[in-house]
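*Asks:* Before we start, here is the structure in question, set down as structure tokens.
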Amino acid sequence: MLPKDDKYYKQYLGFFRYRFPENVNRNTALNQILDFCAGNQDSLCGVEFIDDLVKSSIRKYLGSFIEGLLFEEKFQETIFDFSDCSIMNCVYAGAIIFHERNLEKATKSIEKIFRLSGSVRPSSISDKTLVAVREDGQFLSSEAEIVELRSNVRIERIFFLDKPINQQKLNKFSKEEKIRFLEMKQGYVELSKGAKSALSEADIIIYAP
């Protein structure tokens with residue numbers, strides 16, 4: 001959705017596509033971002049930013065990302081791995097933090113900065129935990145497990161929860177008890193204003209899984 005008539009199109013395209021190398025040294029990636037945010041250099045990930053609005057906005061959002069990251073690492077006592085990490089994911093994460101975790105405001109802001117030719121609207125800005133139960137009763141406690149754990153056993157039900165569930169305690173339940181418990185814990189997901197507006201104004205709606 002980057003406008004091809006933008007004179008910096010190729011640079012921005014390279015930035016959107018950039019991922020840190022696999023097994024990149026954490027401090028190397030972190031210091032590269034910090035130097036850019038501090039104004040010590042106008043280039044990041046091999047891309048030099050000329051436009052002042054774009055440059056200041058990227059610095060602002062990456063600054064929010066790094067601040068949030070360092071707090072999270074201190075709280076969780078973990079270290080973030082930049083290996084194969086998309087730099088634009090870091091920008092979006094920082095925008096979400098800056099806009100008080102409002103995903104819709106964050107995406108609109110980045111659309112404006114880069115003059116994107118289309119809009120991406122989140123279906124909801126509710127913060128939920130995605131979990132599932134397989135046909136054999138196995139409980140999958142996160143989206144990562146649902147996506148990454150390969151199995152020939154199909155998923156029977158999925159749920160959106162307001163907060164994570166203690167997996168060890170839930171595993172003591174039978175499959176039927178798990179499903180009933182999760183039904184009671186499932187949280188309401190509200191349609192975002194942006195998605196509602198886009199759907200109501202659309203001439204054509206293409207629905208896909």
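The values are calculated or read from the model by the stated rules, or taken from the named source; none is laboratory data. Owing to the predicted nature of the structure, the values given are computational and were not obtained by experimental measurement. Neighbour counts run over all protein chains shown; Cβ positions are idealised from the backbone, glycine included. For accessibility, only protein heavy atoms count, side chains too; no ligands or nucleic acids. Shrake-Rupley method; radii C 1.70, N 1.55, O 1.52, S 1.80 Å.
*Asks:* Output the residues belonging to region 103-128 that are part of a loop (DSSP other than H, G, I, E, B), open to solvent by 30 Å² or more (accessible area, probe 1.4 Å) and closer than 30 Å to Ile155 by Cβ.
*Replies:* Val120, Arg121, Ser123, Ile125, Ser126, Asp127, Lys128
*Asks:* Something else: Hey, could you check region 77-100 for residues that are under 13 Å from Phe20 (Cβ atoms) and outside any helix (DSSP H, G or I) and say which is most open to solvent (accessible area, probe 1.4 Å)?
*Replies:* Asp81
*Asks:* Scan region 25-54 for residues that are open to solvent by 30 Å² or more (accessible area, probe 1.4 Å) and assigned to a helix (DSSP H, G or I) and jot them down.
*Replies:* In the first step, residues of region 25-54 are kept if they are open to solvent by 30 Å² or more (accessible area, probe 1.4 Å); the result is 25-28, 31-32, 34-35, 37-43, 46, 48, 50-53.
Passing the criteria: Arg26, Asn27, Thr28, Asn31, Gln32, Leu34, Asp35, Cys37, Asp52, Leu53.
*Asks:* Applying the selection to region 164-209, what residues are hydrophobic (A, V, I, L, M, F, W, C) and in contact with a strand residue (DSSP E or B) (Cβ under 8 Å, 6 or more places away or on another chain)? Walk me through it before giving the result.
*Replies:* Step one: filter region 164-209 for residues hydrophobic (A, V, I, L, M, F, W, C), giving 165, 170, 173, 179, 181-182, 184, 189, 191, 195, 198-199, 202, 204-206, 208.
Answer for region 164-209, where residues must be hydrophobic (A, V, I, L, M, F, W, C) and in contact with a strand residue (DSSP E or B) (Cβ under 8 Å, 6 or more places away or on another chain): Ile165, Leu170, Ile179, Leu182, Val189.
*Asks:* All but one of (1) assigned to a loop (DSSP other than H, G, I, E, B); (2) within 25 Å of Gly118 (Cα to Cα); (3) open to solvent by 60 Å² or more (accessible area, probe 1.4 Å) hold for Glu22; which doesn't?
*Replies:* Here Glu22 clears every test but (2).
*Asks:* If you don't mind, another one. With respect to the numbered conditions (1) within 30 Å of Glu176 (Cα to Cα); (2) open to solvent by 70 Å² or more (accessible area, probe 1.4 Å); (3) β-branched (Val, Ile, Thr), which one is the sole condition not fulfilled by Val131?
*Replies:* (2)
*Asks:* Mind listing whichever residues of region 7-19 are more than 21 Å from the chain's Cα centre (by Cα) and surrounded by 15 or more Cβ atoms within 10 Å (Cβ to Cβ)?
*Replies:* Just the residues of region 7-19 that are more than 21 Å from the chain's Cα centre (by Cα), to begin with: 7-11.
Once the filter is applied, which keeps residues that are more than 21 Å from the chain's Cα centre (by Cα) and surrounded by 15 or more Cβ atoms within 10 Å (Cβ to Cβ), region 7-19 yields Tyr8, Gln11.
*Asks:* Pick from region 157-184 the residues that are surrounded by 14 or more Cβ atoms within 10 Å (Cβ to Cβ) and basic (Lys, Arg): which of them is nearest to Gln138 (Cα to Cα)?
*Replies:* Lys175
*Asks:* Condition first: surrounded by 10 or more Cβ atoms within 10 Å (Cβ to Cβ) and either assigned to a loop (DSSP other than H, G, I, E, B) or touching a His at 6+ places or on another chain (Cβ under 8 Å) (or both). Now tell me which residues in region 185-209 satisfy that.
*Replies:* Narrowing region 185-209 to residues surrounded by 10 or more Cβ atoms within 10 Å (Cβ to Cβ): 185-187, 189-199.
Hits for region 185-209 are Gly187, Val189, Glu190, Leu191, Ser192.
*Asks:* Test each condition in (1) closer than 30 Å to Ile97 by Cβ; (2) touching a Ser or Thr at 6+ places or on another chain (Cβ under 9 Å); (3) open to solvent by less than 60 Å² (accessible area, probe 1.4 Å) for Ile146 and report the one that comes out false.
*Replies:* (2)
*Asks:* Quick one: in region 83-134, which of the residues that are among the polar types (S, T, N, Q) and touching a residue at least 60 places away in the same chain (Cβ under 8 Å) is nearest to Phe65 (Cα to Cα)? Show your work before the answer.
*Replies:* We begin by selecting, within region 83-134, every residue among the polar types (S, T, N, Q); these are 83, 86, 89, 102, 107, 109, 117, 119, 123-124, 126, 129.
The next check asks that each one be touching a residue at least 60 places away in the same chain (Cβ under 8 Å); those that pass are 83, 86, 117, 119, 123-124, 126.
Numbers: Ser83: 16, Ser86: 13, Ser117: 25, Ser119: 23, Ser123: 23, Ser124: 22, Ser126: 20 Å.
Among those residues, the one meeting the criterion is Ser86.
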